[in-house]
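Below is one structure, written out as structure tokens; the observations come after it.
The values are calculated or read from the model by the stated rules, or taken from the named source; none is laboratory data. Keep in mind that what you see is a predicted model, and the values were worked out from it rather than measured. Every residue, glycine as well, gets a Cβ built from its backbone with ideal geometry; the counts of neighbours run over all protein chains shown. We work out accessible area using only protein heavy atoms, side chains counted, and drop any ligands, DNA or RNA first. Shrake-Rupley method; radii C 1.70, N 1.55, O 1.52, S 1.80 Å.
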Amino acid sequence: PAPKSEEKAARPPREKRERPQRPERGPRPERGPREPQTGPAGVPAEGRRERGVRSARRATEPVNLPIGGNWQEVAAEYENQGRTRDAARVHERNQSWAEAARLFELGGNPREALRCALAGRDGESARRLARSIPLDQARTVLEKANAFEILMELYVHAQDFENVAKLYERARQFDQAGLAWERGGKFAAARKAYERARDFKAATRMRNMEVDKLVERGDRLGAAQIL
């Protein structure tokens, strides 16, 4: 290969292109007074900025107290200002469960109120709050607090015997689980629960009821397989 010096010498020099000169700009016209910017709702930008600063300051305002502070006074001040949830958090951090539950319920948060009532072992308030919210939300809070007795009452009140039977099976009370399955019309599950409880008389009764149910539906093959 040719040396690099010869390659550079063999290349023709590039021609420099001259750029056209830009025309000179004239004097800029003076701008008039600017109108205040408004948002989509017609709120001025400065007002939105100040409101955002206030909301950010309120969101970042500490709920915890400084060392040596009186948390009852701070909670009372929050409650007077209408900040019931902040007041409830102050009571919760200081394990004042009854007041925390009351303030959470007053602030429209019954799920947190139920959690505080369970922490304070207030069974009457916990039952009332558990019935005031959807069953799925109450189940999550009650299972986390190991309040299975209240959860069982909710299932019985809602005629949900399948979940009642599952709770009994979880507690390894298979005889009660068999009764719950039987009341819910699940004869196969009831037969298995009675078999695990060594109650073979009840298991035979469930087997006969299961066979009769299959014969009524016309499933003679399924009935024969069970027999």
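Below is a table of values for the structure above.
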| quantity | calculated |
| --- | --- |
| Hz values of 3J(HN,Hα) by residue in region 118-128 - Karplus curve (6.51, -1.76, 1.60), Gly and Pro given as x | 5, 5, x, 6, 9, x, 5, 5, 5, 5, 5 |
| Under Karplus coefficients 6.51, -1.76 and 1.60, residue-wise ³J(HN,Hα) of region 152-161 in Hz, glycine/proline x | 4, 4, 5, 5, 5, 5, 8, 6, 9, 6 |
| Vicinal HN-Hα couplings computed from phi for region 83-94 (Karplus, 6.51 cos²θ - 1.76 cosθ + 1.60; Hz; Gly/Pro x) | 8, 5, 5, 5, 5, 5, 5, 5, 5, 5, 5, 9 |
| Average Cα contact separation per residue, region 81-216, under 8 Å, 6 or more apart, as relative contact order % | 11 percent |
| Histogram of C-alpha separations across region 109-227, 10 Å bin width, % | 14, 34, 25, 17, 9, 2 |
| Rounded accessible area per residue of region 99-197, 1.4 Å, Å² | 56 Å² |
| Debye, to nearest 20: dipole size of region 93-135, +1 on Lys, Arg Cβ, -1 on Asp, Glu Cβ | 120 debye |
